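The values are calculated or read from the model by the stated rules, or taken from the named source; none is laboratory data. All of these numbers come straight from a predicted model, not from anything done at the bench. Glycine gets a Cβ as well: all are built from the backbone with ideal geometry, and neighbour counts include every protein chain shown. Heads up: the accessible areas ignore ligands, DNA and RNA and are worked out on the full protein's heavy atoms, side chains in. Shrake-Rupley method; radii C 1.70, N 1.55, O 1.52, S 1.80 Å.
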Amino acid sequence: MSFISTIYAYLFYFAAFVLVAGLAAKVVQYARAPAPLKIPTTPAPTTRAGVVFRLTREVVFFESLFRGNKWIWIFGWMFHFGLFLVTLRHLRYFIEPVWAPIQFIQPFGIYGGIAMVIGLAGLWARRFLVDRVRYITSLSDHLILALLVTIGLSGLAMQFLAHTDVIRVKEFFQGLYVGQVLPLPADPLLLLHLLLVALLMIIFPYSKLLHMPGLFFSPSRNQVDNPRERRHVAGWARRLEQTQ
């Protein structure tokens with residue numbers, strides 16, 4: 001079992017490195033992408049505070065998706081909000097002592113896991129039942145959805161069907177902070193769950209799942225609608241003017 005614990009320890013070290021480095025590289029890429037035109041999607045705010053408020057509504061409530069398709073919005077919001085609760089619930093494995101808000105959120109995290117799987121099921125069914133969506137759906141889309149659903153179902157199974165030793169799981173991850181490999185429970189469901197989570201961490205920065213950071217760098221969302229009041233000059237154009 002110590003061999004399996006070592007394998008998983010190095011796997012999560014590698015997955016964490018790929019996740020952080022990949023996210024950082026993508027954010028730098030987004031930040032460097034030129035935005036030569038003033039193209040905010042109307043009706044757009046005319047102040048920077050309005051842009052912040054608009055982005056907040058988009059991130060928290062998926063405002064544009066709600067306007068575009070109510071059914072997709074329902075399942076998409078269920079999945080993302082459920083994932084948010086599940087993430088908060090899992091923080092107890094990485095912090096000691098566990099903060100009071102994280103203790104309070106524990107039972108809600110279970111319902112979040114259920115909502116997450118239901119939301120994913122609805123989004124996946126859409127890719128089979130809607131002709132135009134089925135036409136543009138690739139194999140990678142199905143594989144990513146299958147990965148997410150399996151992660152959710154395996155987590156729920158450990159909660160309701162086959163319990164694992166969560167104290168040893170926490171000790172394992174706490175030990176990784178100081179480079180110490182502690183024994184990991186040998187439960188097959190736990191090992192499957194952790195393997196799939198590590199796989200998700202590795203592919204996340206390079207898959208279609210990485211859409212939230214791009215929202216903050218989207219010119220149609222982050223620009224102030226003031227082309228009459230102020231001339232918009234892209235960064236590369238400003239540097240070009242300075243060299244001439």
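Here are some notes:
- Count of the range 148-174 residues which are without any contact (Cβ under 8 Å) to a residue 24 or more places away in the chain and either surrounded by 16 or more Cβ atoms within 10 Å (Cβ to Cβ) or more than 26 Å from ALA115 (Cα to Cα) (or both): 2
- Of LEU91, LEU23, all but one fail to be touching a Pro at 6+ places or on another chain (Cβ under 6 Å), more than 30 Å from ASN226 (Cβ to Cβ) and not in a loop (DSSP other than H, G, I, E, B); the exception is LEU23.
- Within the range 32-77, considering residues that are assigned to a helix (DSSP H, G or I) and touching a Pro at 6+ places or on another chain (Cβ under 8 Å), the one least open to solvent (accessible area, probe 1.4 Å): VAL51
- When residues of the range 1-15 are limited to those that are farther than 14 Å from ILE203 by Cβ and open to solvent by 40 Å² or more (accessible area, probe 1.4 Å), the one nearest to the chain's Cα centre (by Cα): TYR13
- Residue, most open to solvent (accessible area, probe 1.4 Å), within the range 109-140, restricted to residues that are out of contact with any helix residue (DSSP H, G or I) (no Cβ under 7 Å at 6 or more places or on another chain) and of a type in the set (D, E, K, R): ARG132
- If you go through the range 84-108 and keep only what is more than 16 Å from the chain's Cα centre (by Cα), open to solvent by less than 30 Å² (accessible area, probe 1.4 Å) and under 20 Å from SER154 (Cβ atoms), you end up with just GLN106.
- Qualifying residue in the range 205-228 (condition: modelled with pLDDT under 90, closer than 30 Å to THR42 by Cα, open to solvent by 50 Å² or more (accessible area, probe 1.4 Å) and acidic (Asp, Glu)): no
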